[in-house]
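Contents: one structure, followed by commentary.
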Amino acid sequence: MAEVNETPEAPETPGGQTGAEQPASAEPAASVEPPHDAAQPANVQPSEASKEINKDARMWSMFCHLGGLAALLPIVPVVGGVIAPLIIWQIKKDEHTFVNEQGKEAVNFQISILIYEIVAGLLIFACVGAFLLPAVMIFDIVFLVIAAIKTNNGLHYRYPLCIRFIK
């Protein structure tokens, strides 16, 4: 009966040598770099994204960012976008450092947006604000939702065009 060889043989190279017997002068294999994620924006720090963040911290930081949607409520129309993230951040900032960082970011962004909306509202008299004010509101909502999703995934997010009042 034929004997079965259990160890696989190394593949043979064109020079008649097996892969294990290649000479030292053979070129080393090209180093393979991990692909760069082009979809990740520049304002997300990838080095910090790999750290494990508590599920509660991710949830509360997401609520800090989503608190900016309170500006759309008729109860506190103008300053609601600043008050809701401020309250959530003040309550939870001592429990989690991630909530402290992202809460500051959310409050700073909402204060910046409030300033941009006031300026756009004043520019309505110059007929520029009629186009600028809706653009600022759309900008606020889009980046607010992006920030909420990123922080819920545990990524440290920084808003574009944000004035850092609270450091």
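Taken along the Cα-to-beta-carbon direction at a fixed 7 Å, the label points for ILE118 and ILE149 span 3.2 nm. Let me make sure I get this right: for region 86-130, a, b and c are the square roots of the gyration tensor eigenvalues over alpha carbons, sorted descending. Under 1.5 in a/c it's rounded, otherwise prolate if a/b > b/c, else oblate. Which is it? It comes out prolate by the Cα gyration axes. The fraction of Cα-Cα pairs per 5 angstrom bin, counted from 0 for region 54-152, comes to 3, 16, 23, 22, 16, 10, 6, 3, 1, 0 percent, rounded to whole percents.
At 7 Å along the Cα-to-beta-carbon direction for both LEU72 and ARG164, put a label point, then send me their distance in nm to one decimal. Each label point lies 7 Å from its Cα, and together they span 3.0 nm.
Relative contact order of region 54-152, taken over Cα pairs closer than 8 Å and 6 or more residues apart, is 33 percent.
Throughout, read-outs are computed from the coordinates displayed, never taken from laboratory work. Here the structure is a predicted model, which means the values were calculated and not measured. So basically every Cβ, Gly included, is an ideal-geometry build from the backbone, and we count neighbours across all protein chains shown.
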